[in-house]
1. With an 8 Å cut-off on Cα pairs and a minimum separation of 6 or more residues, tell me the relative contact order of segment 1-117 in percent.
2. Quick check: residue separation of ASN185 and ILE124 times 0.36 nm, minus the Cα distance between them. What number comes out in nm?
3. Using θ = phi - 60° and the Karplus form 6.51 cos²θ - 1.76 cosθ + 1.60, what ³J(HN,Hα) does each residue of segment 42-50 get, whole Hz, x for Gly and Pro?
4. Could you tell me the distance between the Cα centroids of segment 11-43 and segment 113-170, to the nearest Å?
5. Here are some values of Rg and Dmax of the Cα atoms in Å: [x] 17.3, 54; [y] 15.8, 45; [z] 15.5, 53. Which one was computed from this structure?
6. I want the local charge near ARG131. Using Cβ-Cβ distances under 14 Å, sum +1 for each Lys or Arg and -1 for each Asp or Glu among the other residues.
7. Placing unit charges on C-beta atoms (Lys and Arg positive, Asp and Glu negative, everything else neutral), compute the dipole magnitude of the chain about its Cα centre in debye, rounded to 20.
8. Given the options ASP83, ASP110, ASP25, which has the most mean-square fluctuation in a GNM of the chain, springs set between C-alpha atoms less than 10 angstrom apart?
Amino acid sequence: MVTGERRGWLIMNALDGLDETRREDVPEQLADLRGIGLHAEDLDLRTLSPDGVEQAFGEPDFVWIRGGNVFSLRMALASSGLDKILIERIRQDRLVYAGYSAGPCVLAPDLSGLEQCDPLEPCIAAYGRVRFDGLGILDRSFVPHLDSPSHTESAALGEVAAAYGAAGRPYWALSDGEALVIRGNDTTIL
């Protein structure tokens, strides 16, 4: 849990290729975090490489990962080398990982099926390839925006969830307004 004045990073790379949207949304995301007592700075993973990412990342209290395209986010994490740092620090309980949509989706073991709502082309344009492996922090896939009629991807994600269910593939199912909270061995949907 993050309480009091904490410092961390805002990661917007799920919007890679949508730079105008990114520029417009950064101030709002930062203001929302300040509104709950969290001080964050924008960390653009496209400016980092594996040999310098650990020093640039430092020792934040938290990361807030904005939604967008899960495949672009996964490639940004891999290309920068931040994926390995996040896996290590989350498992060691050294930082709080929070976010929405693509942010938690990337924590799954496998991202296959999510291409039904997140097109691969923006990721290929930005990174030249796509990865379907997630970070493996969660024990199953994460499907957001279910039964959320105001979200444009709700129907497509309903199809993803149905396909996972038909294949016997477990997944975390969340509607807008719900949160998956993991503290040690305790997992709750609020």
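Any read-out appearing in this document is the output of simple, stated calculations on the displayed coordinates, not a laboratory observation. Keep in mind the model is a prediction, meaning the values are calculated, not measured. Counting neighbours? That spans all protein chains shown, and the Cβs are built from the backbone with ideal geometry, glycine included.
1. Averaging sequence separation for qualifying contacts and normalising by length gives 32 percent for segment 1-117.
2. Extra length available between ASN185 and ILE124 comes to 18.3 nm.
3. For segment 42-50, the Karplus-derived couplings read 6, 10, 8, 5, 5, 8, 10, 10, x Hz, x marking Gly and Pro.
4. If we compute the Cα centre of each part, the gap is 22 Å.
5. Answer by label: [y].
6. -3
7. In debye, rounded to 20, the chain gives about 460.
8. Looking only at ASP83, ASP110, ASP25, the biggest GNM fluctuation is shown by ASP25.
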